[in-house]
Structure formats: structure tokens, C-alpha cells
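Q: Below you'll find the structure I mean.
Readers should treat all values here as calculations from the given coordinates under stated rules, not as data from a laboratory. Note that the coordinates shown come from a computational prediction; the quantities given were computed from them, not determined experimentally. Note that each Cβ is placed from the backbone with ideal geometry, even for glycine, and that neighbours are counted across all protein chains shown.
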Amino acid sequence: MFVHVYEIIYYSNILSAKLVRLKLRCDFSRLTLTSIAYAVQFLYVPLLTMSAAAAIACTARRSTMSASVKVYQTVPEFREARKLLRKVDTDGKILPLLPDVGFVPTMGALHRGHLSLLKQAQQENDVVVCSIFVNPTQFGPTEDLDRYPRQLERDCELLQELGIEHVFAPSSVESMYSKYHVTSVDPGICFEQTEEGKSRPGHFKGVATVVTKLLNIVQPTRAYFGQKDAAQCVLIKRIVNDLNMNLDIIVGDTVREDDGLAMSSRNAYLSASERSAAPIIYQSLLKARELFQSKECVASCDLIDVVEQTLKTQPLVREIQYVSVDCRETMQTLTKVHYQEGAIVSLACRIGSVRLIDNIVLQ
Ligand code: AMP
């Protein structure tokens with residue numbers, strides 16, 4: 001209600017100002033325009049009073065309960081709401097200014113890793129939008145698309161507790177990809193050739209396409225991604241640069257459990273014994289950091305070896321898919337790492353049947 005009253009005021013004000021400007025410029029229709037301008041200005045006073053009352057009511061409500069989460073299930077629905085977003089001052093008064101919009105894209109099953117990105121977005125923006133969409137095009141045919149955890153209601157409760165008001169959660173795959181959809185964003189061979197790209201053919205193309213779509217839909221000032229998905233962060237920065245997209249990409253640190261396991265929606269698949277074995281992943285990466293810190297220059301094969309040997313001490317690590325040493329900016333493979341330049345060490349392995357990834361930045 002408040003937004004609507006505000007919108008009437010805001011646009012009648014603009015109309016009034018435009019008419020007054022016209023009134024000054026156009027002599028031949030001065031009389032008619034003058035009357036309309038006065039009529040609009042006359043309406044403006046009672047509307048302003050109503051707006052003030054609504055603002056007080058709105059502020060009072062805000063102080064007693066947290067804002068409720070609005071879930072938009074289709075692109076047109078979100079776009080309509082996006083048009084109405086305005087800056088709000090510290091008293092809760094809506095200002096006629098466009099807000100800085102922070103955006104955190106997710107696939108849901110939210111955990112503290114997602115929440116830390118959302119909190120950072122809240123600190124740095126006027127409005128925060130979270131998207132929840134399990135994007136089928138980034139899953140391979142034998143991957144876990146069907147069993148990926150979906151828990152929108154619980155996610156909305158968490159978002160409500162955090163004070164996030166806008167959730168874009170497409171209700172179906174068709175609401176993101178129409179039956180005529182043919183266009184994709186292909187980051188090409190560079191990303192397909194990373195170890196993660198080789199293990200998941202087509203994954204980065206799926207990610208590049210859906211993130212480009214989401215950024216076009218949400219039109220954020222800043223978008224937030226987690227260091228946990230290191231290659232994804234480099235990819236998104238590349239796309240934003242290559243396609244001249246007008247936003248900043250912010251990378252948040254990986255959030256870990258107390259025992260070092262990186263938070264992930266897939267951790268829920270782990271059995272109790274697998275869960276107790278999983279911290280070996282971060283321990284192996286810490287060994288790589290120790291080695292890096294002990295020398296001026298270290299061969300990548302030695303870093304890989306120390307990670308693999310550590311992982312192999314845990315019998316529940318069923319398969320080491322890769323351990324990779326790459327440039328932090330481009331994800332290109334490095335054969336040696338100089339102390340000054342640093343690197344990123346990434347890995348993917350299976351604990352039981354669960355595929356987990358993690359990385360550590362050497363700097
Ligand atoms: P997902 O829902 O897995 O697609 O993740 C959504 C975003 O949250 C991505 O930018 C991830 O990199 C980020 N993210 C996932 N897990 C973590 C974590 N443990 N710490 C920080 N960011 C994370």
C-alpha cells in the first residue's frame with residue numbers, strides 16, 4: 001500500500017514538474033497546461049499527507065516485525081517488482097532514488113556459506129536479492145540433479161531471519177528456459193580445460209549461461225560469489241569483463257565447519273562415518289600451504305603429491321578426481337609456484353559416493 005501511495009506521489013510530482021516546465025516553454029497552450037499543472041499540484045498536497053501517514057505506519061510495523069520475504073516465481077513477476085525498488089533512508093522513508101542492489105545467486109539448501117555472502121551483500125547495498133534455482137544445464141547426465149536438495153520453505157525462513165526481502169525462485173525450469181531457448185554463453189576451451197571442466201563436461205557453459213541470464217534479470221549493482229567455487233569466480237569475472245556487463249563481482253571467503261570441511265549443500269549426502277572422514281580434504285590443502293610457505297619456489301607436482309598422499313591416508317576417500325595448481329587470476333595450470341606470485345590449489349574427490357570440491361589460495 002505504502003509503495004503504491006509513494007509511487008502516485010512520486011510520479012505525480014514528476015508529472016507536475018514536467019507540466020510546469022512545459023507551461024513555461026509553450027506559450028500557445030499555456031492556459032490549458034497551467035490548469036492541469038495546478039490540478040496535479042492540488043492533488044499532491046493530500047497525497048503527500050497520506051504518504052506521510054503511511055510512512056509512519058510502515059516504520060511502526062518495521063520496528064515490531066522483520067520484513068517478510070517476497071518470492072517471485074517468474075521473470076515478469078520479478079521484473080515488475082524490480083522496477084519499484086527504491087532507496088530507503090535510515091528512518092525507513094522511501095526516497096526517489098535508485099538503490100544499490102546486491103545479488104547472491106544460489107541453488108538453495110542454504111547454509112552458512114550462502115548466508116555469509118548475503119550478509120556481506122546487506123552491508124554493501126540498499127537492497128539484496130537472493131535467487132534460488134537448481135539449474136539443470138550445469139549438471140551432467142550422470143550427476144545429482146534429481147536428488148539435489150530442494151527446500152524452498154526452509155530457505156525462506158532463513159532469509160526472513162536474515163531480513164532478505166526479495167527472492168527470485170523460478171517455479172519451473174520452463175520459467176527460465178522457454179521451449180524456444182537456443183542461446184548460450186560459451187566460455188570456450190579455457191574453462192573446459194581446467195581440471196573441474198574436464199571432470200564436468202558442459203558444466204561451465206551451463207553456469208555461464210544461467211549466471212548471465214540471472215544478471216540480466218536482476219540487474220544488480222554487485223553480485224556475490226563464494227571462493228569455494230574458485231573456477232566459477234574466475235569465469236564470472238571473465239564474462240562480466242568480456243561482455244561489458246555493468247556490475248561489480250565480489251568474491252567472499254569459503255566458510256567452513258569447525259573441523260575445516262567447506263560448507264556445501266552436498267554435505268547433507270554424507271553418512272555419519274563419511275562426514276567424520278571429510279575434514280581430510282581441508283587438512284590435505286593445509287599441507288600444500290605448509291609446503292608453499294617453506295620455499296621460495298615450489299614445483300606444482302610436489303604440491304599435488306603432498307595433497308594426494310594426505311587424502312590417501314583416509315580409506316573413505318574413494319576416488320581423487322584431480323588435484324590442480326593454477327593461476328589465481330586465470331585458472332591456467334602452473335608447473336611451479338613462486339612465493340611472490342602464489343597460486344590456487346583445487347581438488348575434487350569422492351568420499352563414499354559424494355563428490356566434494358575444495359581449494360586453498362596460496363599467497
Ligand atoms: P550453490 O548454491 O552451491 O550454487 O552456491 C551459491 C553460491 O554460494 C556460490 O557463489 C558458491 O560459491 C557460494 N558458496 C557455496 N558454499 C560456500 C561456502 N562454504 N563458503 C562461501 N561461499 C559458498
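Q: Among PHE103, PHE191, which comes first, then next, by fewest other beta-carbon atoms within 10 Å?
A: Starting with the residue having the fewest Cβ neighbours, the order is PHE191, PHE103.
Q: Could you list which residues have their amide H under 5 Å from that of ARG318, counting only those 5 or more apart in sequence or on another chain, with H placed in the peptide plane?
A: ARG350, ILE351, GLY352
Q: Right, another one. What aspartates and glutamates does LYS295 reach when the alpha-carbon gap must be under 17 Å and sequence neighbours fewer than 8 apart in one chain are set aside?
A: In chain and number order, the partners are ASP305, GLU341.
Q: Now a separate question. Whole angstrom only: what separates the Cα centroid of the stretch 108-155 from the Cα centroid of the stretch 337-363?
A: If you average the Cα positions of each part, the centres end up 22 Å apart.
Q: Which cross-chain or sequence-distant (5 or more) residues have an amide H under 5 Å from the amide H of ALA109, H modelled 1.01 Å from N in plane?
A: GLN151
Q: While we're on this one: Can you run the Rg to Rh ratio on the stretch 278-350? Use alpha carbon positions and the Kirkwood inverse-distance Rh.
A: Ratio of gyration radius to Kirkwood radius for the stretch 278-350: 0.97.
Q: Taking amide H positions as placed in the peptide plane 1.01 Å from N, state which residues far from GLY252 in sequence (5 or more) or on other chains have amide H under 5 Å from it.
A: It is PHE225, GLY226, GLN227, by chain and number.
Q: Among the listed pairs LYS205/LYS312; LYS83/LYS205; LYS119/LYS336; LYS119/LYS237; LYS93/LYS119; LYS70/LYS198, give every one whose C-alpha distance is greater than 28 Å.
A: Violating the 28 Å Cα-Cα cut-off are LYS205/LYS312; LYS83/LYS205; LYS119/LYS336; LYS70/LYS198.
Q: Mind listing the phi-derived Karplus ³J(HN,Hα) values for the stretch 329-339, rounded to whole Hz, using 6.51, -1.76 and 1.60 with θ = phi - 60°, and x for any glycine or proline?
A: Result, ordered by residue: 8, 10, 6, 7, 4, 10, 8, 9, 10, 8, 4 Hz.
Q: Now for a separate question. So for ILE304, ILE357, fewest C-beta neighbours within 10 Å to most, what's the order?
A: ILE304, ILE357
Q: Quick check on the exposure proxy: order ARG238, ARG112, ARG289 from fewest to most C-beta atoms within 10 angstrom.
A: ARG112, ARG289, ARG238
Q: Along the stretch 206-214, what does the Karplus equation 6.51 cos²θ - 1.76 cosθ + 1.60 (θ = phi - 60°) give for ³J(HN,Hα), rounded to whole Hz, x for Gly and Pro?
A: x, 5, 4, 5, 5, 5, 4, 4, 5
Q: Using 0.36 nm per residue, how much length does the chain from ARG79 to ASP248 gain when fully extended, once their Cα-Cα distance is taken away?
A: The ARG79-ASP248 span can extend by a further 58.8 nm.
Q: Can you work out the Karplus-derived ³J(HN,Hα) for every residue in the stretch 166-183? Use 6.51 cos²θ - 1.76 cosθ + 1.60 with θ = phi - 60°, whole Hz, and x for glycine or proline.
A: So the J values, rounded to whole Hz, are 10, 10, 9, 10, x, 6, 8, 4, 5, 6, 9, 10, 5, 5, 9, 4, 10, 8.
Q: Does anything in the stretch 328-363 have its amide N under 19 Å from the 7 Å Cα→Cβ label point of SER271, and if so which residues?
A: Residues 349-356 fall inside that zone.
Q: Using 5 Å bins from zero, what percent of all Cα-Cα pairs in the stretch 120-277 falls into each bin?
A: Once binned at 5 Å, the Cα pair distances of the stretch 120-277 give 1, 7, 14, 19, 23, 19, 11, 5, 1, 0.
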